[in-house]
Amino acid sequence: MNVLVIGNGGREHAILLALRKSKRVEKLYCMKGNAGTARIAENVDVDYMNVAAVTEYAAAHPEIDYYVVTPDDPLAIGLVDALESMGKRCFGPRRNAAVIESSKAFAKQLMKKYKIPTAEYEIFDDYDKALAYVKSHGAPIVLKADGLALGKGVLVCQTTEQAEEGLKEIMLDKAFGAAGNKIVIEECLKGLKYNPGEEVSVLAFTDGKTIVPMITSCDHKRAYDGDKGLNTGGMGTFSPCPFWNKKLEKQVLKKIMIPTMKAMNAEGRTFKGCLYFGLMRTDKGMKVVEYNSRFGDPETQVVLPMLKTDLMDIFEAVTEERLADINIEWEDGACVCVVLASGGYPVSYKKGMPITIGDVGEDVTLIHAGTAIKDGQLVTNGGRVLDVVAKGADINEARAKAYEAVGKISWENMSFRNDIGLKYREG
């Protein structure tokens, strides 16, 4: 089979690396891709946010058998719908199902209607009413831009003053553009041991009939050590989650995952693809923090390296609604991903900085996110540049390998966190 993966980042490189292991995949393509994907796939220079351009390319390339649509933006505008209407086979939800991520207001209302546990909330499209609500409820409080904001549209405000400023930033200053025309204001959930709480990411394959959770992972969203600084798309991940166990998984399947799948079916929005559950463990049980309609980034970078089952087999089973027939297996051990970013990310940063990479060792995989080739030289081409991924018998071993490799990589003003993998551990 010839398979085209749509997207530019580390997640797409990680998916391509997993598909490359499949004996059933002959040739890989990536639209638009980066310097890393170019080493294992044919990069296709087409704007995937231009649906007409993508369908024109698909019509001109009948040799491509399967499309994997991974970023949130093209899913939200219906790229899967357009490709399927041409008879193309795809992995990824249609537009009416991708709304579970593209509208946080929709997701919250879905959970309320179907009694799926989540934080208490209110929805506003009027700034003055939202401001009055914030003033009357105080802090800590969480502000979420309704639409897509590159994973950065959530503000956890510890004081009322922070919340008022955040509200202005989202609704009046339009820091996240039209995504902030409507806002969800939530209670700030508290974890059993940590404040703001113990979070876990659980990605799941689903064909609308069956839902199968992948191994767990934990993300580090803030820019700096100790969860300081602004929210980012993710500065690193590790797998598995230290507090996860079979009992929790059983509870989450029963109370959250299966009810979500059934709720989307009941709404006429059957979800087929990867459904991401951002969860928090609270004194009232597991609650949903957010849904994503696709593989997480950088969660994918620590989950897929541990997959033993052929990823292409899983993708096709989802497309053909026979996921129940697939036995999905995972490796034992742990995996850690350290994101190397451009200095200044997530606000402003330079591109085009030459990258130097030494011998990172056989046990480490470098996944490219924001890279390009300029005059034969590998250079930075984004905020998050490289993902350093290492496997080990446990998180400590994987961490040590990853950070040893980080020391072999450099470019001007390179930035990274030193505490990836230390969350939720005593001491």
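Every read-out reported here was derived from the displayed coordinates using simple, explicitly stated rules and does not represent laboratory data. Nothing here was measured: the structure is a model prediction, and the numbers come from that model. Using ideal geometry, Cβ is built from the backbone for each residue, glycine included, and neighbour counts are taken over all protein chains shown.
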### Query
Which label belongs to the value computed from this structure, given these candidates for Cα extents along the principal axes in Å: (i) 187, 64, 37; (ii) 59, 47, 43; (iii) 81, 52, 38?
(ii)
#### Entry: Integer Hz, Karplus 6.51/-1.76/1.60 couplings in order for region 417-422, x for Gly and Pro
8, 9, 10, 5, x, 9
### Message
Through the Karplus equation 6.51 cos²θ - 1.76 cosθ + 1.60, θ set to phi - 60°, convert the phi angles of region 273-279 into ³J(HN,Hα) values in whole Hz; use x for Gly and Pro.
### Response
x, 10, 9, 9, 10, x, 10
#### Entry: Quarter of the Cα convex hull surface for region 103-246, i.e. its orientation-mean projected area (nm²)
9.8 nm²
### Query
For region 235-281, what are the per-bin percents of Cα-Cα distances with bins 5 Å wide, up to the bin holding the maximum?
5, 16, 23, 23, 15, 12, 5, 1
### Message
On a straight-distance basis, which aspartates and glutamates could pair with LYS88 in a cross-link, Cα separation under 13 angstrom, same-chain partners fewer than 8 positions away excluded?
### Response
GLU56, GLU63, ASP65, GLU316, GLU320
### Query
To the nearest 500 deg cm²/dmol, what mean residue ellipticity at 222 nm is calculated for the chain from DSSP H runs of n ≥ 4 alone, each contributing -39,500 (n - 2.57), summed and divided by the residues?
-7000 deg cm²/dmol
### Query
Could the peptides 208-217, 300-309 be put in order, highest first, of the mean number of other beta-carbon atoms found within 10 Å of their residues?
300-309, 208-217
### Task
Give me the number: length gained by fully extending GLU120 to ALA324, i.e. 0.36 nm times residue separation minus the C-alpha to C-alpha distance, one decimal in nm.
70.0 nm
### Query
In whole angstrom, how long is each semi-axis of the equivalent ellipsoid of region 2-94, when you take the square root of 5 times every eigenvalue of its Cα gyration tensor and sort them from largest down?
19, 14, 12
### Query
ALA178 to SER410: FRET efficiency via 1/(1 + (r/R0)^6), r the Cβ-Cβ distance, R0 41 Å, to the nearest 0.05?
0.60
### Message
Using a 7 Å offset from the Cα along the Cα-to-Cβ direction at both LYS308 and ASP128, what is the distance between the two label points in nm, to one decimal?
### Response
6.3 nm
## Note on the structure
Long-range amide H partners of GLY236, meaning residues 5 or more apart or on another chain whose placed amide H is closer than 5 Å, are HIS220, VAL339
### Task
Report the residue, chosen from GLY151, GLY343, GLY407, that carries the largest GNM mean-square fluctuation when the chain is represented by alpha-carbon nodes joined by springs under 10 Å.
GLY407
### Query
Separation of region 174-219 and region 93-162 by C-alpha centroid, Å?
11 Å
### Query
Cα-Cα over 21 Å: which of LYS135/LYS228; LYS112/LYS262; LYS104/LYS152; LYS221/LYS250; LYS129/LYS168?
LYS135/LYS228; LYS221/LYS250
### Query
Using the Cα atoms of region 334-415 to build a convex hull, what is its mean projected area in square nanometres?
5.1 nm²
### Query
Calculated FRET efficiency, GLU26 and LYS135, Cβ-Cβ r, R0 45 Å, to nearest 0.05?
0.15
